[in-house]
1. Rule-of-thumb check for region 258-433: C-alpha Rg over 2.2 N^0.38 Å?
2. In nm, what is the difference between 0.36 nm times the number of residues separating residue 415 and residue 267 and their Cα-Cα distance?
3. By how many nm would the segment from residue 112 to residue 453 grow when fully extended, if each residue of separation counts as 0.36 nm and the alpha-carbon distance is taken off?
4. Be a star and scan region 218-236 for residues whose amide nitrogen sits under 19 Å from the point 7 Å along the Cα-to-Cβ vector of residue 472.
5. Once you put a point 7 Å from the Cα of residue 379 and another 7 Å from the Cα of residue 37, both along the Cβ direction, what distance in nm separates them?
6. What nm value, rounded to one decimal, do you get for the distance between residue 144 and residue 308 when each label is placed 7 Å out toward the C-beta?
7. I'd like the FRET efficiency for residue 194 and residue 391, computed as 1/(1 + (r/R0)^6) with the beta carbon distance as r and R0 of 51 Å, rounded to 0.05.
8. Indicate the gyration tensor shape class of region 162-246 (rounded, prolate or oblate), computed on the Cα atoms with a ≥ b ≥ c the square roots of the eigenvalues: a/c under 1.5 is rounded; otherwise a/b larger than b/c is prolate and the rest oblate.
């Protein structure tokens, strides 16, 4: 590879791809360092939904974008500076015309209704800043140029289509960054690869993913709970450690996005639950219901189910089981999982069998003719009592108003989703599956990574889930858009820095 570049990008998911293309468009010579053999990362297997105002153009004209910024800032509980949130809002508005220039087109997302996969357009409608704000969820339209079934794969392949033959972009696969290096003035001057090859550059963009598959980091920052992965197994904390070594300030370290799903025994990656019919409940380790199963927002699986028992310090609920009738788990046409994204579906190509026959043979699903048999198989003595109470609630609803209806079910599940469970009965153990972690090096509105002491580290930028601007709670379907938005911001800033230093010797 050539002796030097203007910009080195670590990671080749959507953030790295957007950064590479934008940097090249800005006149920079780019090297992308990707440790896997193909790239794509979590982005490739994501649904790539993006939340935005219903009429973004009108919102910008009427200062409605400030309203959207107000909402996003409040939804982070003010853990992200307003200037950074505003940079995201502006970049999101600019995203659609940029994608159109590349041959892509956004459309409103429209998926089959799934009772176990709950994503409202507005995650926090009761916030003061949410009042009067109307949101929608969009993704890249399936076209001849972007034919994939999965939204994230469409965007990544669209970007890759414009990158692969670009003379100003070099892709280096199966290559790992060992260190980000600085000169004696504390400015970035290149990277050291795993083979100890030094590649000089005045700017480095960290877009190398999170630490979903680093068990030690996960346990330290998120607790000793069983997690699986929904996305790539390649995100093992490299970027987190690179940021620590280079002296970056960290933030949002324990924040994450998770969905409840099946983790096959002995595997790293699982399947998000996609239950299409309402005949199911969740029970905890005592065999009792503990949550409204239909209102667990599908990026908050861990938060909503991760309570600890104050007397033992252990999980209050794990292991958690989904108990269902045959209409869900044995349906011949629709599997009980989300079948249009995830690493298992997109990369491994797993196809769920009809009637879940193969999954039952593998032991992923437990089936019994009677509740007593199922309770013995799962060692849940209270299960028959729980299901009897549930069926009674379903068959004898109150005849007055919804206030009393929710009193009947203190967990507040809507009456129209209460269906009695009848044998044969099915059970599936469910755990939180990580879309991504959010923690990493803190960035500002210019995508500059901040040092431990506060000021930016000159020449170091961040994009994507590593050091995401979103904290412990956030508006759902904003992670993917952030990867593109801050990939482009980082690229423009890095290219401008490289241009200003191009004729000067590297320090």
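Here, each number is a calculation from the coordinates, and none is a lab measurement. The structure displayed is predicted, hence computed values, not measured ones. Don't worry about glycine lacking a Cβ; one is built from the backbone with ideal geometry, like all the others, and counts go over all protein chains shown.
1. Working: Rg = 16.1 Å, N = 176, 2.2 N^0.38 = 15.7 Å.
Its radius of gyration relative to the 2.2 N^0.38 Å reference: 1.03.
2. Taking residue 415 through residue 267 to full extension adds about 49.6 nm, to one decimal.
3. That pair, residue 112 and residue 453, stretches by 117.9 nm at full extension.
4. 218-225
5. Computed distance between label sites residue 379 and residue 37 equals 4.0 nm.
6. For residue 144 paired with residue 308, the spin-label model returns 5.8 nm.
7. Numbers: r = 59 Å, r/R0 = 1.15.
Efficiency, from the Cβ-Cβ distance: 0.30.
8. Values: a/c = 2.72, a/b = 1.48, b/c = 1.84.
Taking the square roots of the gyration eigenvalues as a ≥ b ≥ c, region 162-246 is oblate.
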